[in-house]
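Taking it in order: structure first as structure tokens, then the write-up.
The values are calculated or read from the model by the stated rules, or taken from the named source; none is laboratory data. This is a predicted model, so every value here is computed, not measured. Here the Cβ is made from the backbone with ideal geometry for all residues, glycine too, and neighbour counts use every protein chain on show.
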Amino acid sequence: MKKILLASVALLSLTAAASAADLPSRRAPAPIVAAVPVFTWTGFYVGVNAGVGFNNNDEDEIVFGDTTILGDSDDDASFVGGAQIGYNYQIGSFVVGVEGDIQYADFGSTTYDFGGGDVVTVDNEDWFGTVRARAGVAFDRALIYATGGFAFADDRNGWTVGGGLEYAFTNNLSAKVEGLYVNLEDDDFEFAGTTFSTGETDFAVIRAGVNYRFGTY
């Protein structure tokens, strides 16, 4: 009889333990930790910029027969400002992209004195634009890059090259400083029935800007 009672007690204990195991746990579930998004330079962006342009053509020269005539520019440095749009794609630490911009610039005019009171004034560029490739190395939110491509102004074309540094203060907003050298082809004007060429126009630009990127973390 004693053995039967002991066996019954053991069986009841096992049954109770099994039933308890099937009951829902009263412990709080483990907290869900949201994944921290990784910053990326990939995406479209738009922005604005402003800076200073330095006209290197303060003494443009033209040739009239055996005579060389020097031009006198009235504005060697000028405010420049405009807007840009572009796209970046990040591969590891490398960032490649394309950017286009349009700029206001006021480099004044250049005066040519032909003697005898004959003076011709030619307006310099009051706007220009570029379409450039960009390639650089990202150090998390800092991007160091080189850039270069096509430049245009009025009815002239040319090329540009430069570089800059951009830093993302937030996931979408960044600021940059950038330098460009722009070279444009010859410009022509007519005087006394003769067409003259002023030669190539080149200038340097130092500017700062801000960009807003879409669809990034």
Next item on the list: Select, from Tyr181, Tyr167, Tyr112, the only residue that is modelled with pLDDT of 80 or more and either crowded, with 16+ Cβ neighbours inside 10 Å or touching a Gly at 6+ places or on another chain (Cβ under 8 Å) (or both).
Entry: Tyr181
Note to self: Tell me yes or no: at least one residue of region 74-86 is aliphatic (A, V, I, L, M), at pLDDT below 85 and farther than 16 Å from Val205 by Cβ.
What the structure shows: no
Note to self: Exactly one condition in (1) farther than 16 Å from Val48 by Cα; (2) charged (D, E, K, R); (3) modelled with pLDDT of 95 or more is false for Glu200; which is it?
What the structure shows: (3)
Item checked: Candidates Gly92, Gly117 - the one that is surrounded by fewer than 17 Cβ atoms within 10 Å (Cβ to Cβ), at pLDDT below 60, farther than 23 Å from Val52 by Cα and not aliphatic (A, V, I, L, M) -> Gly117
Notebook entry, point to check: If the Cβ limit is 8 Å and pairs must be 6+ apart or interchain, which residue in region 131-146 that is without any contact (Cβ under 8 Å) to a residue 24 or more places away in the chain and surrounded by 13 or more Cβ atoms within 10 Å (Cβ to Cβ) pairs with which residue that is of a type in the set (Lys, Arg) and part of a strand (DSSP E or B)?
Noted result: Ala146/Arg134
